[in-house]
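K.L.:
Can you read through this structure? Questions will come right after.
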Amino acid sequence: MRILVVGLNHKIADVEVREKLAFSGEKLEEGLARFRELAEIQEAIILSTCNRVELYANVTDTTKASESVKTFLSEFHAINRNSLENSLYIYDDVTAVKHVFRVASSLDSMVVGEPQILGQLKDAYELALSKKTTGILLNKLMKKAISVAKRVRTETHIAENAVSISFAAVELARKIFTDLSRKVCMLVGAGEMAELAARHLVNNGIQDVLVANRTYERACDLSKEFNGRPVKFDEFISEMARTDIVICSTGSPTYVVTKNQMQKVMKERKQKQVFLIDISVPRNLDPGINELENVYLYNIDDLQGVVDSNMFERQKEAEKAERIVAEEIETFLKWQASLDSVPTIRALRDKAEEMKREEVEKLIHKLPSLGDREKEAIEYMAAALMNKLMHPPTAALKEGGDDKASLVALIRRLYGINGEDKE
Amino acid sequence: MDVLLFELALTCYFAATMVSITELFKESKITMRITTALAGLGFALHTLTIIYRYGISGHIPIINPHEATSFFAWCVLFIFFLLQFRYKVNLLASFVMPIVFILMLSSSMLPREIKPLSPVLQSYWLEIHIVLAFLGNAAFALAFGIGVMYLVQEHYVKSKHLGGLFGRLPSLQSLDEINYKLITIGFPLLTLAIITGVFWAESAWGSYWNWDPREVWSLITWFIYAIILHARLVAGWRGKRAALLSIIGFLTILIAFFGIKLLKKGLHVFL
């Protein structure tokens, strides 16, 4: 009944190593089945994403089990056993629980707080459930990990605020405009980052996209991708009068829009708010434009600044999340300890003893005329009855066996012995 | 009885203001609900106060300064609830409850006795005139609050420091639009108030316009908001400028409202 985690992530292994060890596609089911069949393993889950490969197990002897997991990995992926030695981490018991909780809460992710990992963990667990490779311990661990992740999500701001430049642009657009679906966005010039930003804006509601480029064909091609409309390069300034968001990324060595030109544009659009994003280096939009009223100009460094401060915020939130994880580890360990048979036997007997005492006292209170002998007889009868009733469950608990943990859990439920936290 | 109700309402507003201010520092759904509940309870008690005084005096209790200020606070909250019902503006309570509380507090410090109404004031025109004027000014008070929110949010976006309330304040465009909407509600109300006032003045004093301080200030206010609307439609004065103007407009109203009371001159002395 011990939890073992063997795995590797982006922090300790390069992508070359990770891809060799990944359980992709059909390999996952096969790998899971073979992993579960290892002699030292009672329960098994495999989590395999592009940033991590992790094997979770319920084992009796962690040292033996981790060796056999390593052998399994090297055989399954046909890699040298020795080369694995240094590229894996191994956690057991408390450290394993902590690791799983941190992974689920996205505290161990490359971008802390990114939401995908929880879904990937759920998928891994669901596969294990459908293949019946888990039991009481890993089921509890997974359910708890998912609830910890949800708690972290609701009680901290870890997943809020954009941490990439293109998301920062969307975040800003949302705070300048009410409804992005009624706004017009124009892409001036092309570049990977500009296109990415435009794509994020489209994903967040923008429907009307204009594309201007020095080569008109390129504008035509790109506009098709966004379901938009191409604009001739020398006409883009006049189009700005009806454009709310402009993403500028041309190779021009000088400003393509000056402050004066922008002032005219603003007059034409009756001073309606406009959001300008200048991703180009050297800059394409005159920085003085930001001094104009109702114009919000962000260049690449400004957006990076937003991202950096959001990252810093996330780090602060991650500290809160770590505290939540620590709390939840406590409750999980309490539950795990409750699976041990000795305290359960004690709790069971205490409970029976208390019931017996209460009933005997009640009876003696009702019949004050009883003499000492009768009282003794009643007590004797009650004790005998209690012992007889308690004997089979106690014996079963002492005997143990493979399914001891589930037996303990079952007896606790049947006799209403608390100690397990409610989900 | 009405004193007790009034004090209770004032207490609720005080508590709501305090809780709404803590909201600025720490986001929490619970404090938001507490603010709304306290403001709602205060509003209910306040409404009872007004009904009670109406029952005693037989006219809307807006005749002495205490009543007028209290009724103005009531109107601000009334428009506030309407606005929240329609738009659900995040953090609006934190910017409006302090105004309501300060109005109520100043009302509580003014003499409260119910005076018999002088014959010159007994007219339906008067009640309509005053209610219109107060509702209009209350809409401007809300526009003031929204304007302050706009300036705060605009400061974040313009200076590129997106900390603090940036994530929780509404977007610039929606604040601007709500501000405009409030002024388009307040302006016709103020206009009607001036017109009814003019007719009533004729019937009470025999002349339409007497150039007393309140009339002059009302006219100034009316011009300010007329300029705001006109400039927006014609010259595109929106965003920051509109927010600033709606703040200036409301400050003018406050001067007109409290300043003239201090002067105690003119035909509107009773108010």
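The values are calculated or read from the model by the stated rules, or taken from the named source; none is laboratory data. This structure is a prediction, so every number in the text was calculated from the model and none was measured. Please note: Cβ atoms are built from the backbone with ideal geometry, for glycine as well, and neighbour counts cover all protein chains shown.
K.L.:
Would you be able to tell me the number of residues in segment A:41-90 that are outside any loop (DSSP other than H, G, I, E, B) and within 21 Å of the chain's Cα centre (by Cα)? Before the answer, list the steps.
P.N.:
Taking segment A:41-90 as the starting set, the residues that turn out to be outside any loop (DSSP other than H, G, I, E, B) are A:41-48, A:52-59, A:62-77, A:81-84, A:89-90.
Retained after the next criterion (residues that are within 21 Å of the chain's Cα centre (by Cα)): A:44-48, A:52-57, A:89-90.
Result for segment A:41-90: 13.
K.L.:
Do you know which of the residues in segment B:143-185 that are within 12 Å of chain A (Cβ to nearest Cβ) and of a type in the set (D, E, K, R) is surrounded by the most Cβ atoms within 10 Å (Cβ to Cβ)?
P.N.:
Ranking the qualifying residues of segment B:143-185, first place goes to B:ASP176.
K.L.:
Taking segment A:74-89 as the region of interest, how many residues are surrounded by fewer than 19 Cβ atoms within 10 Å (Cβ to Cβ) and closer than 30 Å to A:VAL325 by Cβ?
P.N.:
4
K.L.:
On to the next question. Which of the residues belonging to segment A:399-415 are surrounded by fewer than 16 Cβ atoms within 10 Å (Cβ to Cβ), more than 17 Å from A:MET355 (Cβ to Cβ) and in contact (Cβ under 8 Å) with a residue 12 or more places away in the chain?
P.N.:
Across segment A:399-415, the qualifying residues are A:GLY400, A:ASP402, A:SER406.
K.L.:
Within the bounds of segment A:94-107, is there any residue that is buried (at least 17 other Cβ atoms within 10 Å of the Cβ), over 20 Å from the mean Cα position of the chain (by Cα) and at pLDDT 90 or above?
P.N.:
no
K.L.:
Being touching a residue at least 40 places away in the same chain (Cβ under 8 Å) and under 22 Å from the mean Cα position of the chain (by Cα) is the filter here, so list the residues in segment A:12-28 that pass it.
P.N.:
Result: A:ILE12, A:ALA13, A:LEU21, A:LEU28.
K.L.:
Please go through segment A:175-202 and give me each residue that is within 14 Å of chain B (Cβ to nearest Cβ), assigned to a helix (DSSP H, G or I) and crowded, with 19+ Cβ neighbours inside 10 Å, ordered by number.
P.N.:
Hits for segment A:175-202 are A:LYS175, A:ILE176, A:LEU180.
K.L.:
Working carefully through the options A:LEU118, A:LEU129, A:LEU141, find the one that is away from every other protein chain (no Cβ under 14 Å), more than 30 Å from B:LEU175 (Cα to Cα) and crowded, with 23+ Cβ neighbours inside 10 Å.
P.N.:
Unique residue meeting the criteria: A:LEU141.
K.L.:
Hey, another quick one. Is there a residue being modelled with pLDDT under 90, at positive phi and not assigned by TED's automatic domain parsing to the domain that holds A:SER106 anywhere in segment A:290-307?
P.N.:
no
K.L.:
Now for a separate question. Quick check on my filter: what residues within segment B:159-183 are assigned to a helix (DSSP H, G or I) and in contact with a helix residue (DSSP H, G or I) (Cβ under 7 Å, 6 or more places away or on another chain)?
P.N.:
Answer for segment B:159-183, where residues must be assigned to a helix (DSSP H, G or I) and in contact with a helix residue (DSSP H, G or I) (Cβ under 7 Å, 6 or more places away or on another chain): B:LEU172, B:GLN173, B:LEU175, B:ASP176, B:ILE178, B:ASN179, B:TYR180, B:LEU182, B:ILE183.
K.L.:
Output yes when any residue across segment B:226-239 is surrounded by 18 or more Cβ atoms within 10 Å (Cβ to Cβ) and free of Cβ contacts under 8 Å to residues at least 24 places away in the same chain, and no when none is.
P.N.:
Yes, there is a match, as at least one residue in segment B:226-239 is surrounded by 18 or more Cβ atoms within 10 Å (Cβ to Cβ) and free of Cβ contacts under 8 Å to residues at least 24 places away in the same chain.
K.L.:
Looking only at segment B:15-56, filter to residues that are in contact with a Gly (Cβ under 9 Å, 6 or more places away or on another chain) and modelled with pLDDT of 90 or more; which one of those is surrounded by the most Cβ atoms within 10 Å (Cβ to Cβ)?
P.N.:
So, considering only residues that are in contact with a Gly (Cβ under 9 Å, 6 or more places away or on another chain) and modelled with pLDDT of 90 or more, the one surrounded by the most Cβ atoms within 10 Å (Cβ to Cβ) is B:ALA16.
K.L.:
Across segment A:164-174, what is the number of residues that are of a type in the set (A, V, I, L, M, F, W, C) and more than 13 Å from chain B (Cβ to nearest Cβ)?
P.N.:
Qualifying residue count, segment A:164-174: 1.
K.L.:
Take B:LEU192 and decide whether it is within 14 Å of another protein chain (Cβ to nearest Cβ), surrounded by 16 or more Cβ atoms within 10 Å (Cβ to Cβ) and touching a Leu at 6+ places or on another chain (Cβ under 8 Å).
P.N.:
no
K.L.:
Going residue by residue through segment A:385-398, is there one that turns out to be surrounded by 14 or more Cβ atoms within 10 Å (Cβ to Cβ) and more than 30 Å from A:ASN139 (Cα to Cα)? Break it down into steps so the answer makes sense when it comes.
P.N.:
Taking segment A:385-398 as the starting set, the residues that turn out to be surrounded by 14 or more Cβ atoms within 10 Å (Cβ to Cβ) are A:386, A:390, A:393-394, A:396-397.
Imposing the further condition that a residue be more than 30 Å from A:ASN139 (Cα to Cα) reduces the set to A:386.
The answer is yes, given that some residue of segment A:385-398 is surrounded by 14 or more Cβ atoms within 10 Å (Cβ to Cβ) and more than 30 Å from A:ASN139 (Cα to Cα).
K.L.:
For A:ILE158, only one of the following conditions fails: (1) more than 14 Å from chain B (Cβ to nearest Cβ); (2) within 27 Å of A:GLN315 (Cα to Cα); (3) buried (at least 21 other Cβ atoms within 10 Å of the Cβ). What is its number?
P.N.:
Looking at each condition in turn, A:ILE158 falls short on (1).
K.L.:
Evaluate the following for B:LEU126: is it more than 11 Å from every other protein chain (Cβ to nearest Cβ), more than 20 Å from B:ILE248 (Cα to Cα) and in a helix (DSSP H, G or I)?
P.N.:
Yes: the conditions hold for B:LEU126.
K.L.:
Looking at A:LEU339, is it touching a helix residue (DSSP H, G or I) at 6+ places or on another chain (Cβ under 6 Å) and more than 10 Å from every other protein chain (Cβ to nearest Cβ)?
P.N.:
Details: touching a helix residue (DSSP H, G or I) at 6+ places or on another chain (Cβ under 6 Å): yes; more than 10 Å from every other protein chain (Cβ to nearest Cβ): yes.
It is true that A:LEU339 is touching a helix residue (DSSP H, G or I) at 6+ places or on another chain (Cβ under 6 Å) and more than 10 Å from every other protein chain (Cβ to nearest Cβ).
K.L.:
How many of the residues in segment B:94-119 are crowded, with 21+ Cβ neighbours inside 10 Å and farther than 21 Å from B:ILE253 by Cβ?
P.N.:
Number satisfying all stated conditions: 1.
K.L.:
With the condition kept exactly as written, say whether any residue in segment B:251-263 is of a type in the set (Ser, Thr, Tyr), in a helix (DSSP H, G or I) and at pLDDT 90 or above.
P.N.:
Checked segment B:251-263: no residue is of a type in the set (Ser, Thr, Tyr), in a helix (DSSP H, G or I) and at pLDDT 90 or above.
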